[in-house]
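Here's the structure, in structure tokens; my notes come after.
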Amino acid sequence: MQDIMKLGGYNVLLQTSLPEHLGGYNPSTETTESSHSLFTGTFPHGFAIEIIQVYSGPPTIMYKFRHWAYMEGPFKGRAPTGEKVQFHWIGTFQVDDTMKVEKVELFLRPSRKLDDIMGTQVHNLAFEIANAIPC
């Protein structure tokens with residue numbers, strides 16, 4: 001947990017292996033403070049989390065949630081739009097017998113809104129990859 005605190009919450013969540021030219025936010029160049037300042041400036045009224053569905057119970061709890069807010073401030077030179085921004089995630093918690101969380105995994109579903117805010121091509125890349133994989 002101390003390592004996560006040093007990196008900063010947004011930096012942990014937005015780690016990526018995408019080529020740098022596809023991303024508008026590079027967590028490796030942001031500090032905890034710069035990341036916090038950027039996101040709290042862009043979303044000054046907070047960034048709510050809502051659990052939408054729980055798929056399984058302990059010891060592996062799998063759930064779907066959304067993270068949403070209104071873009072009321074600039075983001076890396078992009079003007080505020082006032083629009084609702086929401087990201088959909090799938091997450092898992094691995095818990096022990098006392099319900100203490102031992103492991104967390106989070107998976108973001110790329111969206112065009114993420115591209116709009118961050119100036120990326122993540123959604124288009126994910127769409128191209130998904131369509132290239134045979135079923």
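Among 90, 52, what is the fewest-to-most ranking by other Cβ atoms within 10 Å?
Values: 90 15, 52 10.
With the fewest neighbours first, 90, 52 line up as 52, 90.
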(message) Assuming 0.36 nm per residue, please report the length gained on full extension of the stretch residue 89 to residue 50 beyond their Cα-Cα distance.
(response) 13.0 nm
(request) Mark the label point 7 Å from the Cα of residue 101 along Cα→Cβ and return the residues of the stretch 33-73 whose backbone N is within less than 15 Å of it. (result) 49-52, 58, 60-67
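A short reminder: the numbers here are calculations on the coordinates, not readings from a lab. As the structure is a prediction and not an experimental result, all values here were calculated from the model. Reconstructed Cβ throughout: ideal geometry from the backbone, glycine too, with neighbour counts over all protein chains shown.
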